[in-house]
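Notes to accompany the following structure.
The values are calculated or read from the model by the stated rules, or taken from the named source; none is laboratory data. Just so it is clear, the structure is predicted and the values come from calculations on it, not from any experiment. Note that each Cβ is placed from the backbone with ideal geometry, even for glycine, and that neighbours are counted across all protein chains shown.
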């Protein structure tokens, strides 16, 4: 039974599976693996807009993480199926954007992880901050429902 409740409306959800190679010496998924899953989810979200990595390369733009705040709430183990949700929660449409992530167990809906990433657009040739391409502006638009939920502080931890 899935009793999961997402922190924000209309998440983009990417399912991942914890595999034996993700397990650390303590018998659970290594903390670093969660960041790999967040990155995979970000690219899957980007792809859902009809873009691909070559779109960034052609525009000579990318997004880099400037700051990440993460809460590890519970462990996951080999064989676990997890739903990784992502939302765009802020964007100035020029240089900066923010994403929120939430990972829930697919079977129970239990939230095991949350993260908030602050991003900056950069030029792939110089590595310096640069204005977003039109594709990045479109992708990093905050949905009205998400903005309303954030404005109303609805169920956001």
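Worth pointing out:
- The one condition from (1) farther than 19 Å from residue 10 by Cβ; (2) in contact with a helix residue (DSSP H, G or I) (Cβ under 9 Å, 6 or more places away or on another chain); (3) modelled with pLDDT under 95 that residue 93 does not meet is (3).
- Filtering 78, 133 for residues that are closer than 20 Å to residue 23 by Cα and in contact with a helix residue (DSSP H, G or I) (Cβ under 6 Å, 6 or more places away or on another chain) leaves a single hit, 78.
- Any hit, region 29-48, residues being in contact with a helix residue (DSSP H, G or I) (Cβ under 7 Å, 6 or more places away or on another chain), part of a strand (DSSP E or B) and touching a residue at least 12 places away in the same chain (Cβ under 8 Å): yes
- Failed criterion for residue 85 (all others in (1) within 17 Å of the chain's Cα centre (by Cα); (2) free of Cβ contacts under 8 Å to residues at least 60 places away in the same chain hold): (2)
- For the criterion of being modelled with pLDDT of 95 or more, surrounded by 15 or more Cβ atoms within 10 Å (Cβ to Cβ), touching a helix residue (DSSP H, G or I) at 6+ places or on another chain (Cβ under 6 Å) and more than 24 Å from residue 146 (Cβ to Cβ), residue 22 passes.
- Considering region 49-63, the residues that are without any contact (Cβ under 8 Å) to a residue 60 or more places away in the chain and not in a helix (DSSP H, G or I) include one that is farthest from residue 8 (Cα to Cα), namely 52.
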